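Notes follow once the structure below has been shown.
The values are calculated or read from the model by the stated rules, or taken from the named source; none is laboratory data. All of these numbers come straight from a predicted model, not from anything done at the bench. Neighbour counts are summed over all protein chains in view; Cβ atoms, including those assigned to glycine, are modelled from backbone coordinates with ideal geometry.
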Amino acid sequence: MKPTGRPGRNRGRLRKMMRNSHFREFSVLAFDAASVRGCQFRRRGAQYAVERSVVESIEAHDPAEAWRRVLRRLGRGRECPLFLTGALAGGIFFRFLSIDLPPRARREALELELPQRMLTVPDNCRFQFFAGETDAEGNVPVNVYVIPGSALEHPAAMLTQAGGRADEFLYPLLAVRAGDPPADLPRTDPDFGFEDGEWRPSPPEPDFRPWLTIFSSEFKLPADGGFRVGDFFECLLAARLVVSPSFGQQERALRLLPAELRPRRYRNQLRITALLVLLIAGNYLWSAAGSYRQNYQTFSRLAGERDRIKAENSSLTAKLRSFEKEQRELNRVVSLAAGEPDVLPKLAALTSILPSNVMVSSLRWSESSVDLMLQSEADNLDLPSLFRRIPYWKIGQLQQRRMGDTVTMITLKLVPAGEASK
């Protein structure tokens, strides 16, 4: 369906285009065998306006001079994007219907589609493609432009000699959508035009009036009568592609130029970004080091305090155990009975009755008894008669055991005389 009959839909599409376009301004340079043309576009409110339009003829002795003059007359700044457009040697354009796929999957599917669409796939094949809107049947029209790798040598040489760099090459017919009027490129392909997805012979005089209506709704064209759509048809088609809503999403699918021809306008920004990243990282490391040092000092102080408390606790525990032991000893001493006051006289009496050939090896004195272990060399030692001399004890138990030929071991238990009588 042609946009000329749906102005409300065109305005909605235009607003969407402006929301999705991320360029404040950009330039388009179209080249052919005889001339170089350029347009400078700048955003003006909800539309892009054609600020300047330039045409220069190519001179045989210095073809790059026309490129230099066009770039100079456009007055674009260093940060202004530049897009090339035109036809490259050996280039082939076609459209095919595809299902809805991500750009990477569509590129892989297109690589399989090329041998079926072309009689011979060019050497070092490079291609770009742009997918349109999904139709009612769920199909997506995809415009494809295929070139041999050597086709970029001429524009690369001209651009290099002119001292410029380009963001991308955009084939004009990539911007043609389903339902658009016939698109004829008399300067790049005078024999054939593109209509309804197919190539057909070009008329002697192409009619650009339908395209004037479309471009007038999508751009602010110069009000003076010096600007004609037919003179800058390739530039306007490429600009239409740049401001399309899905251009940002499909930039990788349109990538055709090698990196050597692309501008390096973001080098300083990248350097500044890298410097900022380094500064942020350095600040973070410095803060982390300071925090680590502070935490380490705090930890060391707490660890020292912990060790001091542990040592103090161990010392207090040892003192407590010593005090408990002393208390137990004192309690034992306090709980002791006073004992007998005549222990020493009784012990003296016991010692006096024992003969000289008897040795006391063990003595245990208690309130209720006296336990003795004696050793003697006498054969006929009469202990009962000996202990009758003292009135304090009587023999409670007596055991004698001969140890060898000379020594007798005697175990004796004495009890108070009163208990023995009982």
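Tabulated data for the structure shown
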read-out: Subset of the range 364-382 [assigned to a strand (DSSP E or B) and surrounded by 14 or more Cβ atoms within 10 Å (Cβ to Cβ)]; value: Trp365, Val370, Asp371, Leu372, Met373, Leu374, Gln375, Ser376
read-out: Whichever residue in the range 200-228 is free of Cβ contacts under 8 Å to residues at least 60 places away in the same chain and not in a loop (DSSP other than H, G, I, E, B) and, among such residues, is surrounded by the most Cβ atoms within 10 Å (Cβ to Cβ); value: Trp211
read-out: In the range 103-156, residue surrounded by the fewest Cβ atoms within 10 Å (Cβ to Cβ) [restricted to those that are of a type in the set (D, E, K, R) and part of a helix (DSSP H, G or I)]; value: Arg104
read-out: The listed residue being out of contact with any Lys or Arg (no Cβ under 6 Å at 6 or more places or on another chain) and on the phi > 0 side of the Ramachandran plot, out of Asp207, Asp189, Asp231, Asp196; value: Asp196
read-out: Tabulated pairs, the range 93-107, first over 15 Å from Thr134 (Cβ atoms), second surrounded by 17 or more Cβ atoms within 10 Å (Cβ to Cβ) and of a type in the set (Gly, Ala, Ser), C-beta under 9 angstrom, 6+ apart or interchain; value: Phe93/Ala87; Arg104/Ala253; Arg107/Ala253
read-out: Among the residues listed as Leu241, Leu236, the single one being surrounded by 20 or more Cβ atoms within 10 Å (Cβ to Cβ), touching an Asp or Glu at 6+ places or on another chain (Cβ under 9 Å), touching a residue at least 24 places away in the same chain (Cβ under 8 Å) and closer than 24 Å to Ala178 by Cβ; value: Leu236
read-out: Glu79 vs. criteria of a type in the set (Asp, Glu) and part of a helix (DSSP H, G or I); value: no
read-out: The listed residue being touching a strand residue (DSSP E or B) at 6+ places or on another chain (Cβ under 6 Å) and outside the structural domain of Glu251 (by TED's automatic domain parsing), out of Arg104, Arg117; value: Arg117
read-out: Scope the range 187-199; condition in a loop (DSSP other than H, G, I, E, B), more than 48 Å from the chain's Cα centre (by Cα) and touching a residue at least 40 places away in the same chain (Cβ under 8 Å); matching residues; value: Arg187, Thr188
read-out: Single unsatisfied condition, Ser57 versus (1) among the hydroxyl-bearing types (Ser, Thr, Tyr); (2) under 20 Å from Glu234 (Cα atoms); (3) surrounded by 14 or more Cβ atoms within 10 Å (Cβ to Cβ); value: (3)
read-out: Set Leu372, Leu347, Leu316, Leu336: member being of a type outside the set (Gly, Ala, Ser), at pLDDT 85 or above and out of contact with any helix residue (DSSP H, G or I) (no Cβ under 9 Å at 6 or more places or on another chain); value: Leu316
read-out: Leu237 vs. criteria among the hydrophobic types (A, V, I, L, M, F, W, C) and not in a helix (DSSP H, G or I); value: no
read-out: Tally of residues being farther than 19 Å from Ile58 by Cβ, β-branched (Val, Ile, Thr) and buried (at least 17 other Cβ atoms within 10 Å of the Cβ) across the range 68-102; value: 1
read-out: In the range 157-176, the residues that are surrounded by fewer than 17 Cβ atoms within 10 Å (Cβ to Cβ) and either within 14 Å of Arg106 (Cβ to Cβ) or not basic (Lys, Arg) (or both); value: Ala157, Thr160, Gln161, Gly163
